[in-house]
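Values in this text are rule-based calculations from the coordinates and carry no lab data. Quick caveat: nothing in here was measured; it's all calculated off a predicted structure. Using ideal geometry, Cβ is built from the backbone for each residue, glycine included, and neighbour counts are taken over all protein chains shown.
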Amino acid sequence: MNRKSGYVRNATETIERACEHCEWHAVGDTHPELAKRYQDHLRDDHPSVWLRK
């Protein structure tokens, strides 16, 4: 089962995250792992969004 963001509840569940600014999409096993990947993506591909004014 895939969840949109949030925490994994059991060993067979994954979470996914998509970017609101492009077609980037990722699936992960843990929320911290996926949050880091998403922040890395924002910093690399959308720096003005990542910096937040």
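Things worth noting here:
- Counted charge near Arg37, where neighbours are those whose Cβ lies closer than 13 Å (Asp, Glu -1; Lys, Arg +1): -3
- In order along segment 34-47, phi translates into HN-Hα couplings of 5, 4, 5, 4, 5, 5, 4, 4, 4, 4, 7, 9, 9, x Hz, rounded to whole numbers, per the Karplus curve 6.51 cos²θ - 1.76 cosθ + 1.60 with θ = phi - 60° and x for Gly and Pro.
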